[in-house]
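The values are calculated or read from the model by the stated rules, or taken from the named source; none is laboratory data. Everything numeric in this text was worked out from a predicted model, so none of it was measured. Cβ coordinates were reconstructed from backbone atoms using ideal geometry, including for glycine residues, and neighbour counts include every protein chain displayed. In case anyone asks, the SASA skips ligands and DNA or RNA and just uses the protein heavy atoms, side chains included. Shrake-Rupley method; radii C 1.70, N 1.55, O 1.52, S 1.80 Å.
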Amino acid sequence: MSDHQHGDHAHSHGIQAHGDHSHSHGDAGHSHGAPAHDPSHDAKFKAYLAVFVALCVFTAASFAINLALGHNLTSAALILAVAVVKAALVAYIFMHLNHDWRLVYGIMTPVAILSVMTVIILSIDGALVWGENAPAARGLNDPIEAKVGEGPSKGH
Amino acid sequence: MSVSPSTAPAHAHHEPGFLGKYVFSQDHKIIGIQFLFTSLIFLGIGGILALLVRIKLAWPMAEIPILRDYFPDNAGVISDTAYNMFFTMHATIMIFFVIIPFLTGAFGNYCIPLMIGADDMAFPKLNMLSYWFMWPAIGFAVAGFFVPGGHAGAGWTSYPTLASGSLGVGQGIESPAFPGSGWGQFCWLMAALLVGVSSMMGSVNYITTIINMRAPGMTLFRMPMTIWAMFITAILQAFALPVLTVALVFQLMDKTMGSTFFLPPSGLDFGNYHSGPGGGQPLLWQHLFWFYSHPAVYIMILPAMGIVSDILSTFARRPLFGYRAMIYSIAGIAGLGFIVWGHHMFQSGMDPRLGTGFMVATIMIALPSAVKTFNWLGTLFRGNLQFTTPMLFSLGFVSLFIIGGLSGIFMAATPVDIKIHDTYFIVAHIHYVLFTSSLFGIFAGIYYWFPKMFGRFMSDKWGKVHFFLTFVLGNFTFFPMHILGVAEMRRRISTPQGTILEGGLQNLNIFVSISAIALGLVQIIFLINFLGSIFFGKRCTERNPWKSNTLEWSAPTPPGHGNFDIPPVVYHGPYEYGNFEGKADDNLMQTEKAVGVLPSQTH
Amino acid sequence: MSHAVHDEPGLKMGMPLPNGKLAMWLFLVTEIMFFTALIGTYMILRNGQTSAGNPWPQPHDVHLVEWIGAANTFVLILSSFFVVLAHHYLHINQPGKGAAYLGLTLVLGCVFLGVKAIEYKSKFEHGILPGRVFEKLDGPRGYEYVAKVKEQLKDIVDGKHHVDSKAMDAVKQLLTEITDNKLSPKQVNERVVGTKHVKPVDMPSNPQNVTGILELDSHAPISYSIPWGNLWASCYFAMTGFHALHVLGGLVIFAAPLVKHFIGGGLKPEDGLFVENAGLYWHFVDIVWIFLFPLLYLV
Ligand code: HEM
Ligand SMILES: [Cu+2]
């Protein structure tokens, strides 16, 4: 909860800093200069463009990985890793988390932990192999499945 | 920054018409009171359903004259299908339409802006919308009683495949096994979905309001416990509800569109009927459902804990003992609450090794719960107790929550739970924590804030009568359920079975039912007191009748549109009760500057 | 925090974040949990239910075309880029450009939905819908399958549907064999897809090593068995459906400032806050697709 305390103190300069263009990533004390002729705006534009190009390249890359490696664990891991990088880029630059992380981390960190943890715990019961018990819990003990030869508890 | 410190209340103060003022109101106080009345009505409906359940359990074969019109086939005997419908809808209504709207809807709305010194919620329109989303939900919940096949009957937990099963695409949504699984279940799902949307809007609004709309000086660690509890509850809702929404959508899709999320690979056989091929996992529903619904039980208790903390400190005339510890323990309960859902599934076929983890986490929750209990006792210790009605209900809360918490620890141990799962022991636990705790907290809150809400007092004498009878009859009703449960009386079975009949325990069962009926009747005292006092109660002209400290008592009684005539400025925490130099009163409101050492600092 | 008893209270409490933006982030928190449950469920069902002998359908089994998905990814990424630019230009007081980029975003959103509609159409045409896919041919479902194929073959022979002339002989032969009741459901499936493409669970006890009708003409409108097809369709439509609904919502949100620009007297730098919040939402929708695309089409 310390972030809120932090907020409590940060407010007072945040108020006047950007009087006219009441704008939000005006994090206190970090000035953008006058709105109309922001010298940094070309730099920003370039950053956005770079991210866009990177996203396109990454999309192509995941497509290429799929073509090259086909469907297997390595390609899946690589492709998902690329997806995570893409998502991080969008969040960090496009969603301005590079400026705003210090304001929203208090809520984003728990939700990030919670979402990953939930999927892991659910997988433990629903997808991973836990011996005899698992197939029954997944409703996999029917005769049709049994005929396939390898039971569902193998081959992961 | 769009909100500057000197900004006066943002609304223009034009007078809205009757509709705008009382029906489509955007004023948080009116919305709170709307939630209050809605929940009270449903408390009545849910209560009647409970009594029907109890009647069936005590006298399974009795022909009840007044029910003859409703069950003509059975000459007034409650049928098993009807019984299923009654207990399912009793729980659903009590949870989704009574306890949650009471605590977060009524008290959340009424108290949050007033207690943090804001003129309204951050988003008044969203607030109004969140109330009005209750109504379609209520519509579905009520409509279900009148659809073919009757209302949902698979329990408030609606486990597949009993709840979700159907024959497949184009063959109707009802499973041949069970009539309530058709349109009734559909209505149940829609109702729960819409209530969820309403709560979600509320929770975003509450969090924003509490973070950004506090009065000058109201730092986080000067907020009353009620606000802390509401804050953490709102966060719980924001995190947990979306998962329930997904589960509900899946079940809705399974029911209406032929999807197979919860249908096992072999499909289902109903005698000669076969469903289409499946592929999903029935157990997945339980995981998703309890991922929400365990945090939801804390959604149903934390605000009550907050309210009770404030009331105890006020009427013990002592600072709340261990304020910070109270906050951390609420946060701890909330955090742990997300990793214990499996304790509802020890018997479900979930992997036992996973169960161990859930067991350990669940038992750990006892720690923060105990911290809270000891702090309440610490607050009372050597206090100058004033036994007003709200105080009595708060004391009732503390004592009976201990019983509910302890039975929770019993069940948290897997080996014990294997015996008592799905017995009346669970029912006893639920009712100790929800009836004699959450609802006691709600009663305490109503008696406490009533003067502020309506400008009149509720009768203290009848309030005490209400308390004593409710306390005694509540224990008569719910305590024996522990014994019945250990004697293996199963929950959700319409006729008492086996052991309890052999052991002669059916008399105890009948005793429970008689107590329950009496308990229901006693609530009429409350109802008359509540409604009567709105019009004829003793007038409350003071701003601060209880000599309390929090900001709502510095507003006019009842507060007008925009809440505060004097914009409040906060100088210290809310629990400064004690002796002050040069001051006759033993309280120091948050808006009063302190002279000398504060009572909370002398500990 | 110290015991700030005699502190003069600060002016405004809270975070240096406007209420709207704070609420948007909180809303995104609920959305994150929503899609976590949705996508998590998919991963669990997909990995938990399948086995080496009975794997999850491949994209081409279910008429999913990888490059279309990739193209749609590109569309969304571009739109995200445009939203950022729109906000950027509003911020530096060039509302005209800002509105133009918003308009482009709106168009790209529509393109995305259009492509999605085309993809959905191919699923509908091939009956790849929850509860309607044929699988588990040993059960009662097998006979339904044979009846369905018979009907489809008749339609082709009667000229109601067209197949490549190469496949026509095979169609006619299969129809007679079915009419003569010579084939088990699994054998019918074998004739339709070709022995090479039969999934292990659907392999008849004595495979004939035939060339399937679909190998001769991959567009022939004939049903075939897709193990886990119903579950696949359930997940696919739930995930992409909810994503598409979110895109639709985003379009409505972006329409508002555009209406203001063209009818309501022009955008002002203050509208940057609205656009920023709308942008946050849009980027989130983009991120969801960034995960859905590989999970559905590639992995
Ligand atoms: C000390 C804290 C608590 C512990 C350790 C605990 C533990 C448990 C356990 C293990 C069960 C599952 C029993 C079974 O089905 O076999 C359960 C059920 C339940 N608990 Fe608690 N509990 C606690 C507090 C609460 C509170 C505060 C509430 C609500 C305000 C609550 C409401 C419920 C409800 C409604 C059920 C029954 C769910 C159903 O219908 O199956 N519990 N509790
Ligand atoms: Cu629980």
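Checking the stated criteria, residue A:95 turns out not to satisfy the condition of being modelled with pLDDT under 95 and more than 7 Å from chain C (Cβ to nearest Cβ). Residues of region B:137-155 include at least one that is open to solvent by 40 Å² or more (accessible area, probe 1.4 Å) and part of a loop (DSSP other than H, G, I, E, B). The residue that is nearest to ligand 2 (Cβ to nearest atom), among those in region B:355-371 that are facing chain A (nearest Cβ under 10 Å) and crowded, with 18+ Cβ neighbours inside 10 Å, is B:358.
Criterion first (part of a helix (DSSP H, G or I) and under 23 Å from residue B:252 (Cα atoms)) does residue C:245 satisfy it? In short, yes.
Please determine, by comparing only the residues of region C:51-65 that are facing chain A (nearest Cβ under 10 Å) and either open to solvent by 50 Å² or more (accessible area, probe 1.4 Å) or not in a helix (DSSP H, G or I) (or both), which one is farthest from residue C:292 (Cα to Cα). Only one residue fits best here, namely C:53.
Here the condition is being of a type in the set (A, V, I, L, M, F, W, C), surrounded by fewer than 20 Cβ atoms within 10 Å (Cβ to Cβ) and modelled with pLDDT of 90 or more; of C:84, C:29, C:5, C:111, it holds for C:111 alone.
Any idea which residue in region C:237-263 is surrounded by the most Cβ atoms within 10 Å (Cβ to Cβ), counting only those that are more than 10 Å from every other protein chain (Cβ to nearest Cβ) and of a type outside the set (A, V, I, L, M, F, W, C)?
C:250
Does region B:241-257 contain any residue that is within 16 Å of ligand 1 (Cβ to nearest atom) and farther than 26 Å from residue C:44 by Cα? No, region B:241-257 contains no residue that is within 16 Å of ligand 1 (Cβ to nearest atom) and farther than 26 Å from residue C:44 by Cα. Among the candidates B:430, B:483, the residue that is open to solvent by 10 Å² or more (accessible area, probe 1.4 Å), β-branched (Val, Ile, Thr) and closer than 24 Å to residue B:300 by Cα is uniquely B:430.
Here is a check on your reading of the model: is residue B:265 touching a residue at least 40 places away in the same chain (Cβ under 8 Å), within 9 Å of chain C (Cβ to nearest Cβ) and away from ligand 1 (no atom under 16 Å from the Cβ)? Don't jump to the end; show me each part of the working.
Values: touching a residue at least 40 places away in the same chain (Cβ under 8 Å): no; within 9 Å of chain C (Cβ to nearest Cβ): yes; away from ligand 1 (no atom under 16 Å from the Cβ): yes.
Criteria not met by residue B:265.
Of the residues making up region B:448-470, those that are surrounded by 19 or more Cβ atoms within 10 Å (Cβ to Cβ) and under 25 Å from residue B:90 (Cβ atoms) are B:466, B:467, B:470. Could you grab me the full set of residues in region B:405-446 that are in a helix (DSSP H, G or I), at pLDDT below 95 and within 7 Å of ligand 1 (Cβ to nearest atom)? Within region B:405-446, B:405, B:408, B:409, B:411, B:412, B:417, B:420 qualify.
Residue count for region B:103-128 satisfying the condition of being within 26 Å of residue B:89 (Cβ to Cβ) and open to solvent by 10 Å² or more (accessible area, probe 1.4 Å): 1.
With respect to residue C:98, is the statement that it is part of a helix (DSSP H, G or I) and within 14 Å of chain B (Cβ to nearest Cβ) true? Spelling it out, it is not the case that residue C:98 is part of a helix (DSSP H, G or I) and within 14 Å of chain B (Cβ to nearest Cβ). Of all residues in region B:326-350, those that are more than 13 Å from ligand 2 (Cβ to nearest atom) have Cβ atoms under 6 Å from Cβ atoms of residues that are among the basic types (Lys, Arg), 6 or more apart or on another chain, in B:329/B:372.
The set of residues from region B:171-195 being under 27 Å from residue B:32 (Cβ atoms) and surrounded by fewer than 24 Cβ atoms within 10 Å (Cβ to Cβ) comprises B:190, B:193, B:194. Only one of the listed residues (C:36, C:73) is open to solvent by 10 Å² or more (accessible area, probe 1.4 Å), in contact with a Ser or Thr (Cβ under 7 Å, 6 or more places away or on another chain) and in a helix (DSSP H, G or I). That residue is C:36.
Would you confirm, using the coordinates I've provided, whether residue B:346 is of a type in the set (Phe, Trp, Tyr), more than 9 Å from ligand 1 (Cβ to nearest atom) and part of a loop (DSSP other than H, G, I, E, B)?
So residue B:346 does not fit the description; no.
So that you can scan it fast, the table gives a plain yes or no per residue for (1) open to solvent by 30 Å² or more (accessible area, probe 1.4 Å); (2) over 30 Å from residue B:375 (Cβ atoms); (3) without any contact (Cβ under 8 Å) to a residue 40 or more places away in the chain:
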{"site": "B:494", "(1), (2), (3)": "no, yes, no"}
{"site": "B:509", "(1), (2), (3)": "no, yes, no"}
{"site": "B:548", "(1), (2), (3)": "no, no, no"}
{"site": "B:554", "(1), (2), (3)": "no, no, yes"}
{"site": "B:569", "(1), (2), (3)": "yes, no, no"}
{"site": "B:584", "(1), (2), (3)": "yes, no, yes"}
{"site": "B:589", "(1), (2), (3)": "no, no, no"}
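Between B:573, B:537, B:578, the distinction of being under 30 Å from residue B:459 (Cβ atoms), small (Gly, Ala, Ser) and open to solvent by less than 30 Å² (accessible area, probe 1.4 Å) belongs to B:537 only.
Please tell me if residue B:373 is within 15 Å of ligand 1 (Cβ to nearest atom) and more than 25 Å from residue B:228 (Cβ to Cβ).
On the way: within 15 Å of ligand 1 (Cβ to nearest atom): yes; more than 25 Å from residue B:228 (Cβ to Cβ): no.
It is false that residue B:373 is within 15 Å of ligand 1 (Cβ to nearest atom) and more than 25 Å from residue B:228 (Cβ to Cβ).
I'd like to know if region B:313-325 contains one or more residues that are within 16 Å of ligand 2 (Cβ to nearest atom), more than 10 Å from chain C (Cβ to nearest Cβ), among the small types (Gly, Ala, Ser) and not in a helix (DSSP H, G or I). Looking through region B:313-325, none of the residues is within 16 Å of ligand 2 (Cβ to nearest atom), more than 10 Å from chain C (Cβ to nearest Cβ), among the small types (Gly, Ala, Ser) and not in a helix (DSSP H, G or I).
Could you list all residues from region C:214-236 that are in a helix (DSSP H, G or I) and either of a type in the set (Val, Ile, Thr) or within 14 Å of chain B (Cβ to nearest Cβ) (or both)?
The answer is C:229, C:230, C:231, C:232, C:233, C:234, C:235, C:236.
Scanning region B:372-391 for residues that are open to solvent by 10 Å² or more (accessible area, probe 1.4 Å) and either within 13 Å of chain A (Cβ to nearest Cβ) or hydroxyl-bearing (Ser, Thr, Tyr) (or both) turns up B:373, B:388.
Conditions (1) within 16 Å of ligand 2 (Cβ to nearest atom); (2) out of contact with any Cys (no Cβ under 7 Å at 6 or more places or on another chain); (3) outside any loop (DSSP other than H, G, I, E, B), marked per residue:
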{"position": "B:214", "(1), (2), (3)": "no, yes, no"}
{"position": "B:240", "(1), (2), (3)": "yes, yes, yes"}
{"position": "B:243", "(1), (2), (3)": "yes, yes, yes"}
{"position": "B:246", "(1), (2), (3)": "no, yes, yes"}
{"position": "B:258", "(1), (2), (3)": "no, yes, no"}
{"position": "B:266", "(1), (2), (3)": "no, yes, no"}
{"position": "B:283", "(1), (2), (3)": "no, yes, yes"}
{"position": "B:288", "(1), (2), (3)": "yes, yes, yes"}
{"position": "B:296", "(1), (2), (3)": "yes, yes, yes"}
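Restricting C:14, C:48 to residues that are at the interface with another protein chain (Cβ under 7 Å from one of its Cβ atoms), of a type in the set (Gly, Ala, Ser) and either open to solvent by 20 Å² or more (accessible area, probe 1.4 Å) or assigned to a helix (DSSP H, G or I) (or both) narrows the list to C:48. Among the residues of region B:268-280, the ones that are open to solvent by 10 Å² or more (accessible area, probe 1.4 Å) and either within 12 Å of chain A (Cβ to nearest Cβ) or within 14 Å of ligand 2 (Cβ to nearest atom) (or both) come to 3 in all. Within the set B:513, B:548, the sole residue that is among the small types (Gly, Ala, Ser) and assigned to a helix (DSSP H, G or I) turns out to be B:513.
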